[in-house]
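The values are calculated or read from the model by the stated rules, or taken from the named source; none is laboratory data. If you're wondering where the values come from, they're calculated on a predicted model, not measured in any experiment. Cβ sites come from the backbone with ideal geometry, for glycine too, and all protein chains shown count toward neighbours. Heads up: the accessible areas ignore ligands, DNA and RNA and are worked out on the full protein's heavy atoms, side chains in. Shrake-Rupley method; radii C 1.70, N 1.55, O 1.52, S 1.80 Å.
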Amino acid sequence: MKPEKSAKLYIRLLGYLRPYSLVFSISIFGMILAAATEVALPVVIKPFLDGTFIDKDPSLMTWAPIALIVIFLVRGVGGFIAQYASAWVGNKMVMDLREEMFEKILVLPLKYFHEHSSGSQLSKFTFDVSLVQYAATQVITVFVKDTLTVFGLLGYLIFLDWQLTLISLIMLPPIAFVVRYFNGRLRWASRETQDSVGTVTEVVQESIDCNKVVKIFSGQKAERKRFFEASNQLRRLLMKQTMAVAANVPIVQLIAAMATAIVIYHVMGQVRADETTVGGFVSYLAALLMLTSPIKRLTGIMEHLQRGLAACESVFGLIDQEPELDEGIVELNTIRGEIIFDRVSFKYPGTEVYALEDIDLTIQPGECMAIVGSSGSGKTTLANMLPRFFTASKGRVLIDGQEISTISLTSLRSNIALVSQEVALFNDSVLANIVYGSEDEHNEQKVTNAAEGAFATEFINKLPESYESLVGEKGMKLSGGQRQRLAIARTLFKDAPVVIMDEATSALDATSEKLVKEAFERVRKGRTTIIIAHRFSTIEQADRIVVMDAGRIVEVGSHDELMKRKGRYKKLYAVYASSNGDEV
């Protein structure tokens, strides 16, 4: 990364410290105190040694130990203030970053999640942001304290012997060259490491989520291989970082030791010529040797700075993502539920083939429209156009004559309820999942009605804590049918004028399916309902059925009308019938 880009990145990161500038100023004050005591120690050595061992000054013999205690007391207080205040600011900054990242996650378009694995996103929230914290606070803490210490000690050395000090400064150019070289390698390795951590997280997450598939298909060996390769790649990158850091510090120390050796040799000549005192010699040598620790730390912080800047690229890369396009300004009130697809075509980004092509379809208010077709025919894609999960490449989608692109997303989606094939439940109570997103959560009667409408009260009342029972991660404490019925109860509770059922009864047994079908016979009255299903038993009573094939509508009509035509629908129905109710 170019230096100017690194500077802009770091300045942007420091902007997150601005709200906590007062506390951070206290941290800086603590650093100044700690740095002052670093310089004070060699300064008091000279009068202490000369005054006690040579001049035998009794007052110095009394006050020198007290002065030493005071110096270390001030150093401890300053160090504590600096470290605590810096950590407080750093943790607040990380919380702010995580909140901003999470806010962005909530408004990102669907295509972002198709293009980025969940493992890499989780890595940003855990691994990357912790590196950013160190770069923003600890790096500054070390830099300020040790820079002040270095300049203070150098000032004292120049005061004692400016010529000798200039000789010792010959170590700075080669140190700068070494630091610059290893920083480049460290930044590259840090960036690759963050990607590798995301890969490891992804492999682990997939193995957990797909554990049944792993077991039943004997995939343990393949998963071990995947994890080993990802983990080994991470190990290799971490070793590259370690090599850059491990080689950096000793080379810098060696250069500093060579300069120190030259100085010691020169001072020993001064001692032989009686040009300096014992106190002056020890004080100068102590100050010179004390320079090596802050210089070592200053070169060491470059490791954390480079890792932090690489993490900044990752974190800000998420924050800077474009949210869902929402240029709509129209706010819907009560809608009738008329839906029109006007010559709609759509293709996924990066593909040339249209997933939907030239769709013309009108759904009347209160009508129950079923959509059937083989896998990949475009059924779910068509349904996803309505809540604007996808935007039409060509054509328009209208609700009550209003083009949905002109409606605000919040207003549009507040009028649509969805039950998808992949049931989305949160690791919370049954009640929280039913009322999710609603401000009417204390309406117990409405909750009960929704649960009864989905025929969910039977199993809810048998749970240990009834509506307060936790459903587990992704609802794993419930059966598939129970999860589906709970999702339907959430849809009923929302009471939206438009309902989309995407394979909503796929996990129900025959008895539950029959009950849910009866429930939706009551619910769909006065509502526009779109049902996407493979099970023909769930759609036979639909007002109209749309048959899709390869992204196009090939037939439209009622069940009886389509059966008489002996077209695509009848062929699909024949397959369904022959499978005795299984999916076609």
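Here the Karplus curve 6.51 cos²θ - 1.76 cosθ + 1.60, taken at θ = phi - 60°, turns the phi angles of region 360-376 into couplings of 10, 7, 10, 10, 6, x, x, 7, 9, 10, 9, 10, 10, x, 6, 4, x Hz, with x standing for Gly and Pro.
Within 10 Å, count the other beta carbons around each residue, average over each peptide in 414-427, 379-392, 127-140, and list them highest first. Don't skip to the end; give the middle numbers.
Details: 414-427: 18.4, 379-392: 20.1, 127-140: 21.7.
Ranking the peptides 414-427, 379-392, 127-140 by packing returns 127-140, 379-392, 414-427.
Couplings 3J(HN,Hα) for region 148-163, derived from phi with the Karplus relation 6.51 cos²θ - 1.76 cosθ + 1.60 (θ = phi - 60°), are 4, 4, 4, 5, x, 5, 4, x, 5, 4, 5, 4, 6, 7, 5, 5 Hz, where x marks Gly and Pro. Label sites at residue 477 and residue 334, each approximated as a point 7 angstrom past Cα along Cα to Cβ, lie 4.0 nm apart.
For region 427-504, compute Rg over Rh where Rg is the Cα radius of gyration and Rh is the Kirkwood radius from the inverse mean 1/r over Cα pairs.
Values: Rg = 11.5 Å, Rh = 12.4 Å.
Looking at region 427-504, the ratio lands at 0.93.
Could you calculate the contour length gain from residue 374 to residue 44, that is, 0.36 nm times the residue separation minus the distance between their Cα atoms, to one decimal place in nm?
Values: separation 330, 0.36 × 330 = 118.80 nm, distance 8.72 nm.
Extra length from residue 374 to residue 44 when fully extended: 110.1 nm.
Taken along the Cα-to-beta-carbon direction at a fixed 7 Å, the label points for residue 147 and residue 326 span 4.2 nm. Full extension of the chain segment joining residue 293 with residue 343 gains 10.8 nm, where the gain is 0.36 nm per residue of separation less the Cα-Cα distance. Scalar couplings 3J(HN,Hα) for region 548-556, obtained by applying the Karplus form with A = 6.51, B = -1.76, C = 1.60 to θ = phi - 60°, are 10, 8, 6, x, 10, 8, 10, 8, 9 Hz; x denotes Gly and Pro. Projecting label points 7 angstrom from Cα along Cα→Cβ for residue 445 and residue 243 puts them 7.4 nm apart. A cut-off of 5 Å between modelled amide H atoms, ignoring neighbours fewer than 5 places along the same chain, links residue 555 with 547.
When the accessible area of region 70-142 is computed with all protein chains present and a 1.4 Å probe, what percentage of it is carbon and sulfur? Heavy-atom surface of region 70-142 belonging to carbon and sulfur, 1.4 Å probe: 67 percent. Could you pull out the pairs from 347/446; 446/477; 525/564; 394/446; 124/474 whose alpha carbons sit more than 29 Å apart here? Where the Cα-Cα span goes over 29 Å, the pairs concerned are 347/446; 394/446.
As a calculated quantity, the FRET efficiency between residue 403 and residue 427 at R0 = 45 Å, using C-beta atoms, amounts to about 0.70.
Potential lengthening of the chain between residue 115 and residue 352 amounts to 83.6 nm, from the contour at 0.36 nm per residue minus the alpha-carbon distance. In region 333-449, taking the dipole from charged Cβ atoms about the Cα centre, the farthest positive-side position among 408, 385, 359 is held by 359.
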